[in-house]
1. Mind telling me which of the residues Arg207, Arg271, Arg234 ends up being out of contact with any Cys (no Cβ under 6 Å at 6 or more places or on another chain), surrounded by fewer than 21 Cβ atoms within 10 Å (Cβ to Cβ), farther than 22 Å from Val283 by Cα and not aliphatic (A, V, I, L, M)?
2. Checking the structure you have, find out if any residue of the stretch 497-509 is part of a loop (DSSP other than H, G, I, E, B) and more than 21 Å from the chain's Cα centre (by Cα).
3. With respect to Lys320, determine if the residue is closer than 18 Å to Gly388 by Cβ and either without any contact (Cβ under 8 Å) to a residue 60 or more places away in the chain or in a helix (DSSP H, G or I) (or both).
4. Please go through the stretch 224-253 and give me each residue that is farther than 13 Å from Ile26 by Cβ and of a type in the set (A, V, I, L, M), ordered by number.
5. Working only within the stretch 131-176, note down all residues that are part of a helix (DSSP H, G or I), at pLDDT below 90 and of a type outside the set (Val, Ile, Thr).
6. All but one of (1) polar (S, T, N, Q); (2) surrounded by fewer than 20 Cβ atoms within 10 Å (Cβ to Cβ); (3) in a helix (DSSP H, G or I) hold for Ser955; state the number of the condition that does not hold.
7. Return the residues of the stretch 564-590 that are in contact with a helix residue (DSSP H, G or I) (Cβ under 6 Å, 6 or more places away or on another chain) and surrounded by 20 or more Cβ atoms within 10 Å (Cβ to Cβ); say none if nothing qualifies.
8. State all residues of the stretch 1152-1201 that are outside any strand (DSSP E or B) and either more than 20 Å from Gln1138 (Cβ to Cβ) or in contact with a Lys or Arg (Cβ under 7 Å, 6 or more places away or on another chain) (or both); if no residue qualifies, say none.
Amino acid sequence: MKKLLFILLFIISSVQAQNNSLFWEISGNGLSKNSYLYGTMHVSEKVSFHLSDLFFKNLLAADIVANESNPETWSDLNNLMKNNYNDSYLNNYRNNTQYSDFYLFPTEKETIKTIFVNDNTFFRNMLSGVEGDQADFQENTVLDMFIFQTGKKYKKKITGLEDAKESMISLLNIMGDDATPKEENKLLLMKIIKNRNPTEVMKEYYREKDIVMLDSIYKLMFSKKAHDALIVNRNIIMTKSIDSIAKTGSLFSAVGAAHLAGKDGIIELLRQKGYTVKPIIDVFTEKGKTQKKDIEAYFPNPNFAVTNTSDGMITLPLYKKTVEENQTLGSPDFTNGGAINIKRIPLNQFLKKDNDVYEPKSLDSLFFEKIAGDIIQKTYFEQENYSGYDIKNITKTGNNQRSKFFITPLEIISVSMNGPTNYVRQYENDVFENIKIKSFKTNWEKIKPKKGGFEIELPAFNFVFGNSIEKPNNIEIQAYDNTEKGYYFLTEKTINETSIIENSEYEQQQIHYQFYLQHDIDSTNTKFDKDKNTFVSASTLGTKKINLKTFIAGNKYYLLGTVNASDNNTNRYFDSFSPTPILYQSKNKVFTDTLATFSVEIPEKENEKLFLNLAAEKRNSKNTFEDSGNFYSFESETKKTVDLQYYKYSKYESTISNDSVYRRFKKTFLNYRDNRDDDDFEENFNPNFTQLPASQTSLLNTNMHSKKGFSKSVWNKILRNKNDDYQILKESSFYDQDKNIYTIEALVSKPNASQAVKYKVLYRNNAFYSMSSLVEKNNPDNDAFVEKAFTTLQLKETDKKALSEDKVQLFITDAKSEKDTIRYSALKSVNMLTIEKKDFDKVSSFLSSFKFKDNETDAINTLIGKIGKIDDTRVIPFLEQYYKNEATKTTVRISILEALSNQKNKKGYQKVNELLEFDLPLPDNEYEIKGLFYAFENDAENSKELFPDIFQYYSITEYNKPILDFTNILLEKKLITVKKLNVFKKIILTNAKLEYKRVLSWNQKKKIDKEDEEETVEIYDDYDSRNSLENIVNYMDLLSNFDQNNETKDLFDKIKKLDIPELNIELLRLGIIHNKLSEPEIKTALENPKTRFITLNLLLNADKKEFVALSDDEIAASALMNFTNPALQDSIQLLKKQIVEHNGKEITYYFYQISKKVKDSEITQKQLCALAFIYENKKINPLAYNMLSLKEITEDENLEEQYELIINQSLNGNHPRASFVKEKAEKQTNPELEF
């Protein structure tokens, strides 16, 4: 390494003397004028401005000025620089935040403060320098921009040496490991920079004009692929441009200094083209410094043009270039480095309960802190339609600025102008004296968004955000009627989610409910018009009347509202809303995915990243034969999306028949969202409540449900509304035999929904393409964008594969390949192989003859398991022979035993017994034995043949618990009789007593007597004690099947005296399922608060209702004890009991307060606990329960609100978009966007 470093430094130092320059002259090769090349550093720090007199002389004398790219085209990079991942998928599945998008709040002070941010990141980086502590160490802009602006000021021809977008695309395609340099290069780099900051090291070499060292560092910093994309490839392009442009006149070109040196640098590439390229060595005298100052102080007229915002609210002079996005509009003066920014923040003041308008003094109070530098003039102004302030200020670095703030009844508008030194003072009057704000009018006007969707009539004084052809924005409208002081608003939102189809009435009602909830008001006069699919409501906001109306059209949701408007005007406004066709205007282009082999026609601009292949994720798996897939979300200019899921089965998966494909997708269409069991009990997750950790004896513990006698809650099963299930409204399928493509088309919806999901599935060669989009249920074919995507989805021609392709032979051939990647992929993909009777000879021969490596044992196990599933008389003899081979590993032998269980017949299990007798496998991994017996348990009807022979191994540690579990399952299912185990009873009892002694010992050790408290805490958290408990439970289960002699009874009595909850519950369970528990014992269990609810569950499941004579309140209290396991000193108080009707069912809710004394403190912690039962036949059903978690109660808590919240959340678990929580206004107010 030292030698390599010495050689590198020697080579560098040998050429430094002749290359220590950033400034180069280009001549010869037929040029009529010399041209120039300057190496820049893309920072505004002074280090980049070590210039010279000749720099300014040649720059000012040049005919053409060129940077790497033309800064005027940089705005085209905005979309590329955003996150490369498609955001649509995430936005579509945000669930319970979707209705909150409609919330409006009076704008908070923190949001209003953002009005003062008068230079966005894009402009700041391009046009002007830094303000603040570092300002004195900065120039007005980066050197590249200084060169560009100088060219613009002195009317030079401006161009770029490369296309900025194309260069950025090549860089964005370098991701992850592709950019990582080799380890040896990292080490060399570290030795060069010597623990210094890499950026500072680069500045140091730039200061020394050491372009060779800069070139070397860049080569070490990146992988070759990344360096080629960042430097080498771009050098070739820029050299070609210099060669072409320099022939037309004197060119002054500026590129990053790292592009200059090296054999691939621009200097050498120009020389290879025949040019003479020489360094320019010069000094920076007062002459050059004066020229720099003159350039910086010269501001040619920017030639303003009067411009309107898209909604006509503001008219003012702006520069040639404007960029508008929702509430912001920016206009850069590329020549002079200035910018005009318009920022707009809706006030939403009409949503305050009082009638106060926004006070200008509130804005005035922010000026001192938020206006940069010193305010040199502040003027208040007031007109009928607005008031505000005109402010002039000068920053600490001497840059003049001016801002004008307009406060209208609807919004605050900021118009700010900034730029270097005296630029603003020179041209401010041209702008600020000509700003006009829309005036109040008495007429109404009709608004039709440029992209269609709806039209509406409203007062003429209004703002409209998002009404742009270029950007996929939702529409936001507000209007003000000065005559009656009424306010009007409309919010459009787009939801593309296809995994949920909602009841339209419920969905719209919920939007109203959540909107009102945020303002602490209730809705009145609600009405749903099913024919028009609209919902209206009214309420009172202080003394003002508020009216809302919603409408859903496909994936478009609209909320309309009025505040303080007359009934006539409200009705006029609401009735004027009318849906109109979407006007798609974007140019379509055919997108082709060569890997997934499909094409589709989609809007080009909105899906630019797809066309540029920037959204694609790279496949990094070493296994090239495994299944693969991708998800695409095709976007339109209206934010509507069409989704496409591509999935390719693994190489060895058998070809699926068309009928199987149809059945699979029909199930997907109907059950994709509801594929859980009807009676699955799931707690309704609520982030505001603490989820309870279920104790070992709680019926919330799912492990309890696997034991005979217990059951999980039937809450979901009873409450499920089957009238709201998904339905296939239309479906068709056809097969194109020539192209071997099977197509399924379907329209899926719900009875009470106005939306539907449109599907198109293409299947070919074990790959499917599932396209879906949310559409209008009654008019599913009316969207041009959706129809274009669905009709143009085509599969590209591929090599036709024979349907009868022998996948087994293909696998064997691949596995025998000399190429490691093919062999590896084949053996890692064997699990997807289907092996049939006809394949037995091939596979058995392969297993017997193939030389497997030590790390390929998993493939052997998989093949063995698949052979075991073949119904063939040759299978068992082959497996026996393979088992008895001395070279066969233990783990393979266990796989053979499991394979024999796959035969699912008596002979297979007889052979298992024989092979266990031949050689009992003892793996070092206990889970292998557990897995084997799990296979036996899943085939209990046949595996019973293992008894009683297999029991002889139960004393072996690895086999003990699996055999006991297995035996208990067979006995529980009555597949064997206990008589078969009589010969083992004595040893079973002996081992049970030993296990009892272990538990006794643990119980004595783990009891913690708390002298200051009323309880004794029993702890069984460590592995050994928990294992002992599980073992003794197994013995209890097994012994309960034998006749109870005195010795057995004595053991059970001793276990009972341990008074361990898990063992007490098990004794109860065994007594009830075996019908051996006496009435007094049942009565005692029901009287014990800790066992009452468990006993209820066991009795009801055993159809012993006659023993249950408890009141509803007693049952609920017992459930609380079981679910929460309170300490003895905790106090419990019933706060409220409430019966609620839902979907024709009655539900009883119980709300308890649990008071817990905090250890070593006088503080008492209070918790709200809620649980519910379905109320049937005038009593609660103890088997239909729902535990609703715990929440700490604070002193100022409004419990009635919490009760309502808990009830709503529990009843709406199947509506994941719904929320019942009031959110803070500041969290809902979105700061205005910058572009």
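The values are calculated or read from the model by the stated rules, or taken from the named source; none is laboratory data. Not measured: the values here are computed from a predicted model. With ideal geometry, Cβ positions are generated from the backbone for all residues, glycine too; neighbour counts draw on all protein chains shown.
1. Working: Arg207 fails: farther than 22 Å from Val283 by Cα; Arg234 fails: surrounded by fewer than 21 Cβ atoms within 10 Å (Cβ to Cβ).
Residue meeting the stated conditions: Arg271.
2. Yes, the stretch 497-509 contains a residue that is part of a loop (DSSP other than H, G, I, E, B) and more than 21 Å from the chain's Cα centre (by Cα).
3. Numbers: closer than 18 Å to Gly388 by Cβ: no; either without any contact (Cβ under 8 Å) to a residue 60 or more places away in the chain or in a helix (DSSP H, G or I) (or both): yes.
No; evaluated as a whole, the condition is false for this residue.
4. Filtering the stretch 224-253 for residues farther than 13 Å from Ile26 by Cβ gives 224-237, 240, 248.
Scanning the stretch 224-253 gives Ala226, Ala229, Leu230, Ile231, Val232, Ile236, Ile237.
5. Applying the first criterion (part of a helix (DSSP H, G or I)) to the stretch 131-176 yields 135-137, 143-153, 164-172, 176.
Keeping just the survivors that are at pLDDT below 90 gives 135-137, 164-172, 176.
Those that are part of a helix (DSSP H, G or I), at pLDDT below 90 and of a type outside the set (Val, Ile, Thr): Ala135, Asp136, Phe137, Ala164, Lys165, Glu166, Ser167, Met168, Ser170, Leu171, Leu172, Gly176.
6. (3)
7. To start, the set of residues in the stretch 564-590 that are in contact with a helix residue (DSSP H, G or I) (Cβ under 6 Å, 6 or more places away or on another chain) comprises 584.
Hits for the stretch 564-590: nothing passes.
8. First, pick out the residues of the stretch 1152-1201 that are outside any strand (DSSP E or B): 1158-1163, 1177-1178, 1193-1201.
Within the stretch 1152-1201, Val1158, Lys1159, Asp1160, Ser1161, Glu1162, Ile1163, Ile1193, Thr1194, Glu1195, Asp1196 meet the criteria.
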